[in-house]
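Input: a single structure, listed below in structure tokens.
The values are calculated or read from the model by the stated rules, or taken from the named source; none is laboratory data. These figures come from a predicted structure and were not determined experimentally. Here Cβ is always computed from backbone atoms with ideal geometry, including for glycine, and neighbour counts include all displayed protein chains. With ligands, DNA and RNA removed, areas are computed over all heavy atoms of the protein, side chains included. Shrake-Rupley method; radii C 1.70, N 1.55, O 1.52, S 1.80 Å.
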Amino acid sequence: MKRKEFIKTTTAVIAGGVFAPLVSCTPDKQSKNEVEVSERKNWAGNYTYHAQTLHEPNSVEEVQQLVSRLDQQKALGSTHCFNDIADSPANQISTKRLNKVIALDKDEKTLTVEAGARYGDFAETLTEQGYALHNLASLPHISVAGACATATHGSGVKNGNLATAVVSVELVKPDGSLVTLTKGDPDFYAVVVGLGAFGIITKVTLAIEEKYEVRQDVFLDLPLESAVTHFDKIMASGYSVSLFTDWMDKKISEVWIKRRMDEEVSELTDFYGAKPASKNIHPIAALAAENCTEQMGIPGPWFNRLPHFKMGFTPSAGAELQSEYFVPRENAVDALLAIESMRDQIHPHIMISEIRSIAADNFWMSPCYQQDSIAFHFTWKQNTSEVLELLPKIETVLDPFNVRPHWGKLFSIDAKELQSRYTKHADFLSLAKTYDPTGKFKNSYLTKNIY
Ligand SMILES: Cc1cc2nc3c(=O)[nH]c(=O)nc-3n(C[C@H](O)[C@H](O)[C@H](O)COP(=O)(O)OP(=O)(O)OC[C@H]3O[C@@H](n4cnc5c(N)ncnc54)[C@H](O)[C@@H]3O)c2cc1C
């Protein structure tokens, strides 16, 4: 499909893909869109999926047929999770061919996409139409439904995670029937951040707003003492703010401030003792910045500034592991100092950490459920056994702060303890069992952490 067709759209439904997939795909080896390969891994390559068969349906109808026919299965998005959340004992149903833009509704200010569309696939075309989303993750390569299912990414004291833009979802239920859940429906806040437990989401309708430009300013070497003293002001200094540190030398090595040009923007010179960067820089300063979005205060479209990494380039470091822990915002400084006290244990294995704010939301299993939060993210070297040994120690120092982990990253918090930190866990489990009474969408991850 030509991009012009999208541009002409107002409330019309569009058939066909907006962009060709940007990542090369495993070709179909058999009929019925089944792919059998000896070894399939997640994006980071740290997890090998156990599911013997990967299905790549081309349409919602094909998803319905598969879901009703197969006993054990799981939706697979863009494979960016670092754990077994997207695995299944038998079948994975990839959404990568369900990547089309369906409709831009200018009256309702919504965009409907198929579940496997990646944010970077449609962001530019949406902008050409005059619209934008409220936020994007650090990378635009992730699928919409997979990102929302895992409560992925917020960055800004007023910004909720990506799922907060969802207005409605179309779900293939375990019996193969279709249901649409809209904000306000009783099950909506369970199913959207559903950890893949309710069926397969096939379409997502997102709230959009007028397009806007963003400038990105980076400051170097913020003294830790300054970060601690002025934490709330620093985190509120932009629409989206990220603090990067390797926890050494009592400093935050980089502060990335993304500010909307439709809000008041003043020149920042002295930033709490940090100095302005003199060129574009990677969050891991030793890496080249060419994969990163433009900085140096140069305004640009929202989709080219809110992510740290450009579409079409490898995000982050590649061979890595990730963990991320959320604490209530009022505990942020204490949690930061608790992690910093472990710097000598963390440093040998860390590539970079990122600290961000996320506004509270209403999704039952969101780590930010009804709680403004601060996230402490860790990009680890792929030293798997050492990292897995370290995580419980970090979780112990964060234990007093009611810490919750990112569902799509590595963590080791005891399941009962974890469940006790989610006031809606019992309701979520009960609803998951109602939707999926025979456990078609159960996997070892859900069995361990939720069931
Ligand atoms: C380099 C890198 C950078 C990252 N940066 C960030 C970041 O900035 N912020 C952040 O919060 N996270 C970040 N992450 C984590 C990651 O983005 C999320 O966990 C990811 O968005 C999951 O989306 P996915 O499509 O890859 O899902 P997958 O890993 O494929 O699946 C995740 C879960 O979603 C379910 N799911 C997928 N599609 C559907 C569907 N259609 N219907 C129902 N369930 C579905 C799966 O069953 C599974 O349970 C990063 C990861 C990487 C590798």
>> It is to be established whether one or more residues within the range 133-145 are more than 8 Å from the ligand (Cβ to nearest atom), open to solvent by 10 Å² or more (accessible area, probe 1.4 Å), of a type in the set (A, V, I, L, M) and on the phi < 0 side of the Ramachandran plot.
In response: no
>> Can you find, within the range 300-339, the residue that is nearest to the chain's Cα centre (by Cα) among those that are at pLDDT 95 or above and open to solvent by 60 Å² or more (accessible area, probe 1.4 Å)?
In response: E330
> Restricting attention to the range 396-425, which residues are touching a helix residue (DSSP H, G or I) at 6+ places or on another chain (Cβ under 9 Å) and assigned to a helix (DSSP H, G or I)?
Replying inline: V397, L398, D399, P400, F401, A415, E417, L418, Q419, H425
>> Please go through the range 317-337 and give me each residue that is in contact with a Leu (Cβ under 7 Å, 6 or more places away or on another chain) and either farther than 22 Å from N383 by Cβ or without any contact (Cβ under 8 Å) to a residue 24 or more places away in the chain (or both), ordered by number.
In response: V327, A335
> Just one of A151, A163 is in contact with a Pro (Cβ under 7 Å, 6 or more places away or on another chain) and open to solvent by less than 40 Å² (accessible area, probe 1.4 Å); which is it?
Replying inline: A151
> Can we say S168 is in contact with a Ser or Thr (Cβ under 7 Å, 6 or more places away or on another chain) and either near the ligand (Cβ under 10 Å from one of its atoms) or aromatic (F, W, Y) (or both)?
Replying inline: no
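Out of the residues in the range 369-388 meeting the condition of being in contact with a Phe, Trp or Tyr (Cβ under 9 Å, 6 or more places away or on another chain) and not small (G, A, S), tell me which one is most open to solvent (accessible area, probe 1.4 Å). Please lay out each step first, then the result.
So in the range 369-388, the residues in contact with a Phe, Trp or Tyr (Cβ under 9 Å, 6 or more places away or on another chain) come out as 369, 371, 373-378, 386-387.
From what's left, not small (G, A, S): 369, 371, 374, 376-378, 386-387.
Numbers: Y369: 32, Q371: 31, I374: 1, F376: 1, H377: 14, F378: 0, E386: 82, V387: 0 Å².
The extreme case among them is E386.
Considering each of K158, K173 in turn, give the residue that is of a type in the set (K, R), more than 10 Å from the ligand (Cβ to nearest atom) and over 18 Å from R305 (Cβ atoms). I'd like the intermediate steps shown before the answer.
Details: K158 fails: over 18 Å from R305 (Cβ atoms).
Answer to the check: K173.
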> Just checking, how many residues over the range 220-236 are in a loop (DSSP other than H, G, I, E, B) and in contact (Cβ under 8 Å) with a residue 60 or more places away in the chain?
Replying inline: 1
> Which of the residues belonging to the range 58-88 are small (G, A, S), surrounded by fewer than 17 Cβ atoms within 10 Å (Cβ to Cβ) and assigned to a helix (DSSP H, G or I)?
Replying inline: S68
